[in-house]
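The block underneath contains the structure these notes are about, expressed in structure tokens.
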Amino acid sequence: MNSPYSLAGKAIVITGAGRGIGAVVAQTAAGLGAFVVVNDLDADVANETVARIERIGGSAIAHCGDISDPDYCGTLIEACMAERGQIDALVNNAGLFRMGPAWDLKSADLQAMLSVNVLGTANCAMHAIPRMRAARGGSIINVTSGAASGIAEMSAYGATKGAVSSMTYGWALDLAGSGVRVNAVSPNATTRMVAAMQEFKGTEGEPRPFQDPQHTAETVCFLASDRSAHVNGQIIRIASGQLSLVAQPKPILPGVSVADWSIDTVAQAVQELIAGQ
Ligand SMILES: NC(=O)c1ccc[n+]([C@@H]2O[C@H](COP(=O)([O-])OP(=O)(O)OC[C@H]3O[C@@H](n4cnc5c(N)ncnc54)[C@H](O)[C@@H]3O)[C@@H](O)[C@H]2O)c1
């Protein structure tokens with residue numbers, strides 16, 4: 001494979017790769033020469049992704065299980081090690097999506113999203129990172145969401161994706177200098193997740209401003225490739241036909257210097273800052 005973005009010789013674990021964005025990432029990575037471990041909760045769709053990869057001459061295995069189970073994630077990462085003796089990239093793609101306004105949050109939905117989106121992402125990383133550190137190389141690609149910045153009726157989902165963004169920043173700092181890089185993508189792609197959102201909002205018939213999942217797949221494969229060796233701690237947004245970097249949340253400086261802290265001087269400082277926005 002002559003592409004400068006070749007993934008030949010690399011072994012990649014992709015969670016939730018049976019359908020949606022993960023399936024397209026798996027096919028694209030395999031097309032670039034990677035060996036892919038296709039995880040999904042659903043064995044049928046994982047096997048379909050593997051069959052599609054094999055039809056294009058690629059190499060993949062299915063590994064089915066629930067990433068919210070930390071022990072399962074250990075077996076997932078070790079399956080990659082057993083097959084190829086290495087893990088070069090981990091794509092933490094599997095995710096759950098539930099909608100609802102603040103007054104209708106359901107504890108079971110929040111628990112389910114925390115278990116998969118936050119704990120599942122961490123479970124896979126905590127098994128992959130020691131292997132990558134030992135090899136002095138690797139790329140972790142998390143999948144966050146624009147909802148992390150706050151979208152109406154997506155507060156719980158957004159909170160779990162905010163946690164994914166925070167882990168991305170923190171892990172990149174922890175691993176700086178180790179050869180292991182951590183980045184994230186923030187996609188916008190037509191999948192069944194979007195269909196669920198449009199069904200909730202009652203907008204099934206309206207035009208869909210969502211993008212081809214291939215756009216996200218190209219970005220993820222770039223982050224898995226050696227051509228992105230200089231990219232660490234970034235969140236890359238793919239939406240509205242544009243690719244952009246997501247700014248890290250931080251205080252807007254300068255603030256207002258407050259000499260005598262009282263409820264009144266706080267009120268004045270907040271008023272001044274909001275008026276200046
Ligand atoms: N589609 C979008 O526009 C969009 C926007 C922002 C973020 N995302 C994120 O992108 C990722 C992929 O989303 P998608 O739209 O392709 O969704 P999807 O529902 O089409 O696919 C998700 C896949 O993950 C699998 N999965 C779910 N829970 C799992 C678990 N516990 N263990 C293993 N596999 C599991 C599902 O079986 C499914 O095949 C998710 O993390 C999602 O939150 C998507």
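Considering the stretch 156-179 alone, what residues qualify as being of a type in the set (S, T, Y) and assigned to a helix (DSSP H, G or I)?
Matches in the stretch 156-179: Y157, T160, S165, S166, T168, Y169.
When the residues of the stretch 226-244 are filtered to those that are among the hydroxyl-bearing types (S, T, Y) and more than 17 Å from S178 (Cα to Cα), which remaining residue is surrounded by the fewest Cβ atoms within 10 Å (Cβ to Cβ)?
S240
Among the numbered criteria (1) near the ligand (Cβ under 10 Å from one of its atoms); (2) within 14 Å of the chain's Cα centre (by Cα), which one does M197 miss?
The one condition M197 does not meet is (2).
What about V36, is it in a strand (DSSP E or B), surrounded by 23 or more Cβ atoms within 10 Å (Cβ to Cβ) and modelled with pLDDT of 95 or more?
Against the criterion (in a strand (DSSP E or B), surrounded by 23 or more Cβ atoms within 10 Å (Cβ to Cβ) and modelled with pLDDT of 95 or more), V36 qualifies.
Quickly run through the stretch 39-58 and pick out the residues that are outside any helix (DSSP H, G or I), touching a strand residue (DSSP E or B) at 6+ places or on another chain (Cβ under 9 Å) and within 17 Å of L7 (Cβ to Cβ).
Matches in the stretch 39-58: G58 only.
In the stretch 182-201, what residues are in a strand (DSSP E or B) and closer than 20 Å to P249 by Cα?
V182, N183, A184, V185, S186
For residues in the stretch 111-138 being polar (S, T, N, Q) and over 13 Å from T15 (Cα atoms), which is surrounded by the fewest Cβ atoms within 10 Å (Cβ to Cβ)?
Selected residue: Q111.
If you scan the stretch 122-148, which residues turn out to be within 13 Å of the ligand (Cβ to nearest atom) and in contact (Cβ under 8 Å) with a residue 60 or more places away in the chain?
C124, I141, V143, T144, G146
Just need a number here: residues in the stretch 158-187 that are of a type in the set (D, E, K, R) and buried (at least 23 other Cβ atoms within 10 Å of the Cβ).
Total satisfying the criteria: 2.
Just the residues that are more than 16 Å from the ligand (Cβ to nearest atom) and either assigned to a helix (DSSP H, G or I) or not small (G, A, S) (or both), please, taken from the stretch 1-33.
The answer is M1, N2, P4, Y5, L7, K10, A30, G31, L32.
The values are calculated or read from the model by the stated rules, or taken from the named source; none is laboratory data. Given the structure is predicted, the values throughout are model-derived calculations rather than measurements. Quick reminder, even Gly has a Cβ in these numbers, built from the backbone with ideal geometry, and neighbours come from all protein chains shown.
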